[in-house]
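Encoded as structure tokens, the structure appears first; notes follow it.
The values are calculated or read from the model by the stated rules, or taken from the named source; none is laboratory data. These numbers come from a predicted model, not from an experiment. Ideal geometry is used to build each Cβ from the backbone, glycine not excepted, and the neighbour counts take in all protein chains shown. Protein only, heavy atoms only, side chains kept; ligands, DNA and RNA dropped before computing areas. Shrake-Rupley method; radii C 1.70, N 1.55, O 1.52, S 1.80 Å.
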Amino acid sequence: ICSRPRWPSTGASAFFRSRIQQRAARTVVALVEDRIVGFACWTGATLNSLFVAPEHRSTGIGAALLAVMEQRMQAGGATTFDLICVEGNAAGRRFYERHGWRLSHCDVKANAVAGGTAPVATWVMMKP
């Protein structure tokens with residue numbers, strides 16, 4: 001886990017590359033053989049994104065990213081954390097619940113899409 005992204009020559013999605021660059025100061029990445037295979041970014045006490053490449057899931061990378069991110073949020077003064085998980089992402093919800101997060105409530109969020117926004121049903125999760 002490192003906090004300075006180094007981009008591989010191939011395999012990085014433009015969307016996620018842009019997201020990480022916009023949030024670089026609040027982003028940690030996971031590297032395997034100098035290739036970014038996952039990242040987590042946050043704002044204040046809110047987890048904005050956590051992603052692990054499919055071929056590296058269930059290896060402990062997501063848990064490590066989550067732990068580092070929580071430590072950084074706590075160092076910034078946060079005592080509780082929150083995140084939004086897309087409703088229906090049962091694997092994501094189970095992952096967070098295994099790490100102490102709990103469902104707070106359901107909500108519908110406006111998600112940015114090309115040409116505007118679209119409503120997305122979400123689970124709002126908290127960690128005390």
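General observations
- Selection count where residues are at pLDDT below 90 and in contact with a strand residue (DSSP E or B) (Cβ under 9 Å, 6 or more places away or on another chain), scope region 92-115: 2
- Residue check: C106 meets all listed conditions (1) surrounded by 13 or more Cβ atoms within 10 Å (Cβ to Cβ); (2) over 26 Å from I61 (Cβ atoms) but one, namely (1).
- Just one of the numbered conditions (1) in contact (Cβ under 8 Å) with a residue 24 or more places away in the chain; (2) part of a strand (DSSP E or B); (3) of a type in the set (V, I, T) is not true of T117: (1).
- Evaluating A112 against the criteria (1) part of a helix (DSSP H, G or I); (2) under 20 Å from Q21 (Cα atoms) leaves one unmet condition, (1).
- If you check R23, R19 for being modelled with pLDDT of 75 or more, among the charged types (D, E, K, R) and surrounded by 13 or more Cβ atoms within 10 Å (Cβ to Cβ), only one passes: R23.
- Those residues of region 112-128 which are open to solvent by less than 80 Å² (accessible area, probe 1.4 Å) and more than 24 Å from Q71 (Cα to Cα), in sequence order: V113, G116, A118, V120, A121, T122
- Close pairs from region 96-108: first closer than 21 Å to F51 by Cβ, partner outside any strand (DSSP E or B) and modelled with pLDDT of 95 or more, Cβ under 6 Å, at least 6 apart: H99/L66
- Pairs meeting the criteria (first residue in region 64-84 and touching a residue at least 60 places away in the same chain (Cβ under 8 Å), second residue open to solvent by 70 Å² or more (accessible area, probe 1.4 Å), beta carbons under 7 Å, at least 6 apart or on different chains) are A64/I1; L65/I1; V68/I1.
- Positions within region 26-49 being crowded, with 18+ Cβ neighbours inside 10 Å, part of a strand (DSSP E or B) and free of Cβ contacts under 8 Å to residues at least 40 places away in the same chain, in sequence order: T27, V29, A30, I36, V37, G38, F39, A40, C41, W42, L47
- Condition met for V124 (at pLDDT below 95, part of a strand (DSSP E or B) and in contact with a strand residue (DSSP E or B) (Cβ under 7 Å, 6 or more places away or on another chain)): no
- Region 63-101, residues that are surrounded by 14 or more Cβ atoms within 10 Å (Cβ to Cβ), part of a loop (DSSP other than H, G, I, E, B) and under 14 Å from the mean Cα position of the chain (by Cα): W101
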